[in-house]
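Report on the structure given below.
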Amino acid sequence: MGEKIRSFIAIDLPESVLQAITKVQENFRKSNLNIRYVRKEGIHLTLKFLGDIDRADVEKIHAAMGRATKDFSSFTLRGERVGVFPDLKRPRVVWAGLSGDMEALRSLQRDLEYQLSGLGFPKEKRSFKGHLTIGRVKGRLDRTNLSRTIEALGEFRTESFTVRSIVLFQSDLRPQGAVYSSLAEVSIKNS
């Protein structure tokens with residue numbers, strides 16, 4: 001048994017998108033909602049959470065990522081809208097939605113799921129809902145205040161960004177929050 005590392009595959013985001021999400025977090029902070037916000041360096045578009053893997057499997061996962069992306073061209077997305085999972089009655093996660101070439105995103109995620117299932121990673125039971133996590137609700141909060149804050153952010157949109165690669169990240173859980181480091185990256189060819 002080798003060294004275990006917690007990992008996931010995601011799309012890294014440009015600074016302009018991270019700045020826009022940070023501004024959304026500031027709006028929520030002003031509303032004094034009981035939310036634990038994701039640090040700027042921890043915001044990304046997760047495609048597949050892998051959990052604990054053997055460090056020795058990084059190359060196999062990297063190869064599967066390459067197979068999943070081989071027929072793709074770069075595509076464009078943008079952050080748009082703010083909402084909560086599962087719903088306003090029981091909010092647990094505050095998120096920014098996505099728009100743009102969503103079919104390419106869903107197709108990439110499906111191909112990644114398929115390639116990784118061949119390595120023994122179970123397919124996700126829930127359907128993929130691409131989003132950027134802004135924060136997680138910590139216990140009870142004023143749902144009316146939450147609803148008002150989301151409504152005030154109704155026109156939220158980031159700049160468009162081009163997806164040119166996917167990254168296998170290691171996640172180190174620390175008292176101050178998770179720290180992410182890149183283990184492998186696969187480029188997506190230009191369209």
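Only the coordinates and a few stated rules stand behind these numbers; no lab work does. Note that this is a predicted model, so its numbers are computed, not measured. In this analysis, Cβ positions are derived from the backbone assuming ideal geometry, glycine residues included, and neighbour counts consider all displayed protein chains.
Points worth noting:
- Relative contact order (%) - criterion: Cα under 8 Å, at least six apart; region: the chain: 34 percent
- One Cα centroid belongs to region 129-152, the other to region 40-82; the line between them spans 25 Å.
- Over 27 Å between alpha carbons, listed pairs LYS70/LYS129; LYS60/LYS123; LYS23/LYS123; LYS40/LYS129; LYS4/LYS125; LYS23/LYS138: LYS23/LYS123
- Rounded to the nearest 500, the 222 nm mean residue ellipticity of the chain from helices alone is -9000 deg cm²/dmol, with -39,500 (n - 2.57) taken per DSSP H run of at least 4 residues.
- Amide H contacts of LEU47: ILE9, ALA10, ILE11, each under 5 Å away and 5 or more positions distant or on a separate chain (H built 1.01 Å from N in the peptide plane; Pro and chain starts excluded).
- Neighbour count of at most 15 Cβ within 10 Å plus DSSP loop: longest GluC sites (Glu not before Pro)-free window in the chain: 4-123
- Placing +1 on the Cβ of every Lys and Arg and -1 on the Cβ of every Asp and Glu, with no other charges, gives region 4-187 a dipole of roughly 880 debye about its Cα centre.
- Model label points for SER165 and HIS62, set 7 angstrom from Cα along the Cα-to-Cβ axis, are 1.2 nm apart.
- Compared with the rule-of-thumb size 2.2 N^0.38 Å for a compact globular protein, the chain has a Cα radius of gyration ratio of 1.06.
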